[in-house]
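Asks: Encoded as structure tokens, here's the structure I'll be asking about.
The values are calculated or read from the model by the stated rules, or taken from the named source; none is laboratory data. Just so it is clear, the structure is predicted and the values come from calculations on it, not from any experiment. Every residue, glycine as well, gets a Cβ built from its backbone with ideal geometry; the counts of neighbours run over all protein chains shown.
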Amino acid sequence: MRLPNAPLAEVIFELRWKVEGVPGTPPGFPFGNDPGYPIFARIFSEKATKQGFPIKESARPGEVAPIAYMTRERFKRAADKPFPVLQIGPGVFACNASTEYEWPLFKALIAEGLELVFDSYPITEVTRHDLIGCELRYLDVFDQSLLGHLDFLKFFTENTNGYRLDLPFLADELLHGETSGQLNIEKGVAFDKETRFHFEVGTGESPSAKGLVAWSKVTKNSDSMKLDEAKKEKIGALLSWAESAHDVTHKFFHGFVAQNLMEKFKTVK
């Protein structure tokens, strides 16, 4: 069920594949060579247009050299609608949704995008397509209208389920104003040993508002994701992973946010 006043700003699914290092650059340098990308980008663009994503835009205008795992081109349904969007770059595919998000619809978007990726990438001895990771991440912005404040410690005390950061000195009369801060946690997940859950929350700003900004991410990193070569089975395995990742983020979010705040998400503005 979609919450009409939810703090969700954006949800992203990302798939990554191995790229080659550029000769003569230091280790870890961001430029990477994806030999199949020029053909992949052309075919993906043609197929995306037929699938109802005819608006093509540059994600990085003026970029001189392609940067590995950074999207370069995005595809939208309409020029005046920024979401949903499909994105591609050297070694990466991503799909994004925003306030219109509902999990069944987003999962269908992931499936549609994966179909385009595997139908578009050329597989030869030179242009291999070795998958090395995927990620599901959510960006939530808890702003003034939701919280009634922007205090980092007060957020944990009043708006979460039993989470307290008790630092008495910060209430001392020598100090003044709202507290800002940042918290990061990371933990493995039960459904896959190569997958980890990350949660980060802190004082910050989104393009639309100032608030408490939270990232919930489930990430799989692997030297080589061992998936069936057949497209149908490969997509099925990735969708199964995405479903499990969604279960983790969904359960965390509903356990983390206090009921008084959750009720506000159900209110139509």
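Asks: Consider Lys264 carefully, then state whether it is more than 15 Å from the chain's Cα centre (by Cα), farther than 19 Å from Ala94 by Cα and either modelled with pLDDT of 95 or more or surrounded by fewer than 14 Cβ atoms within 10 Å (Cβ to Cβ) (or both). Can you show your working first?
Replies: Numbers: more than 15 Å from the chain's Cα centre (by Cα): yes; farther than 19 Å from Ala94 by Cα: yes; either modelled with pLDDT of 95 or more or surrounded by fewer than 14 Cβ atoms within 10 Å (Cβ to Cβ) (or both): no.
In short, no.
Asks: Would you pick out the residues in the stretch 83-105 that are over 23 Å from Phe40 (Cα atoms) and of a type outside the set (Gly, Ala, Ser)?
Replies: If the condition is that a residue be over 23 Å from Phe40 (Cα atoms) and of a type outside the set (Gly, Ala, Ser), then Thr99, Glu100, Tyr101, Glu102, Trp103, Pro104, Leu105 are the ones that fit.
Asks: I've got another one for you. If you take the residues of the stretch 108-135 that are outside any helix (DSSP H, G or I) and under 15 Å from the mean Cα position of the chain (by Cα), which of them is farthest from Arg74 (Cα to Cα)?
Replies: Checked the stretch 108-135; the qualifying residue farthest from Arg74 (Cα to Cα) is Gly133.
Asks: Moving on. Conditions: (1) exposed (fewer than 14 other Cβ atoms within 10 Å of the Cβ); (2) modelled with pLDDT under 90; (3) not hydroxyl-bearing (Ser, Thr, Tyr). Asn5 meets all but one. Number of the miss?
Replies: (1)
Asks: Can you report the number of residues in the stretch 245-258 which are surrounded by 14 or more Cβ atoms within 10 Å (Cβ to Cβ), part of a helix (DSSP H, G or I) and in contact (Cβ under 8 Å) with a residue 60 or more places away in the chain?
Replies: Looking only at that region, the number is 5.
Asks: Next question. Testing Ala94 on (1) modelled with pLDDT under 95; (2) of a type in the set (A, V, I, L, M); (3) in contact with an Asp or Glu (Cβ under 7 Å, 6 or more places away or on another chain), one condition comes back false. Which one is that?
Replies: All conditions pass for Ala94, except number (1).
Asks: Shifting gears a bit: Within the stretch 8-56, how many residues turn out to be aromatic (Phe, Trp, Tyr) and at pLDDT below 90?
Replies: Here the count works out to 2.
Asks: Identify, by number, the condition in (1) in contact (Cβ under 8 Å) with a residue 12 or more places away in the chain; (2) under 16 Å from the mean Cα position of the chain (by Cα); (3) under 23 Å from Ala6 (Cα atoms) that Leu105 doesn't meet.
Replies: Answer for Leu105: the failing condition is (1).
Asks: Related question: Somewhere in the stretch 136-156, is a residue in contact with a Lys or Arg (Cβ under 7 Å, 6 or more places away or on another chain) and without any contact (Cβ under 8 Å) to a residue 40 or more places away in the chain?
Replies: Within the stretch 136-156, one or more residues are in contact with a Lys or Arg (Cβ under 7 Å, 6 or more places away or on another chain) and without any contact (Cβ under 8 Å) to a residue 40 or more places away in the chain.
Asks: Ok, one more. With the condition kept exactly as written, say whether any residue in the stretch 218-241 is in contact with a Ser or Thr (Cβ under 7 Å, 6 or more places away or on another chain), farther than 30 Å from Asp119 by Cα, among the hydrophobic types (A, V, I, L, M, F, W, C) and surrounded by 14 or more Cβ atoms within 10 Å (Cβ to Cβ).
Replies: No; the residues of the stretch 218-241 include none that is in contact with a Ser or Thr (Cβ under 7 Å, 6 or more places away or on another chain), farther than 30 Å from Asp119 by Cα, among the hydrophobic types (A, V, I, L, M, F, W, C) and surrounded by 14 or more Cβ atoms within 10 Å (Cβ to Cβ).
Asks: If you take the residues in the stretch 117-129 that are surrounded by 13 or more Cβ atoms within 10 Å (Cβ to Cβ) and not polar (S, T, N, Q), which one is modelled with the lowest pLDDT? Steps first, answer last, please.
Replies: Step one: of the stretch 117-129, the residues surrounded by 13 or more Cβ atoms within 10 Å (Cβ to Cβ) are 117-118, 120-122, 127-129.
Applying the additional criterion that residues be not polar (S, T, N, Q) yields 117-118, 121-122, 128-129.
Working: Val117: 97, Phe118: 95, Tyr121: 94, Pro122: 92, Arg128: 78, His129: 85.
Only one residue tops the list, namely Arg128.
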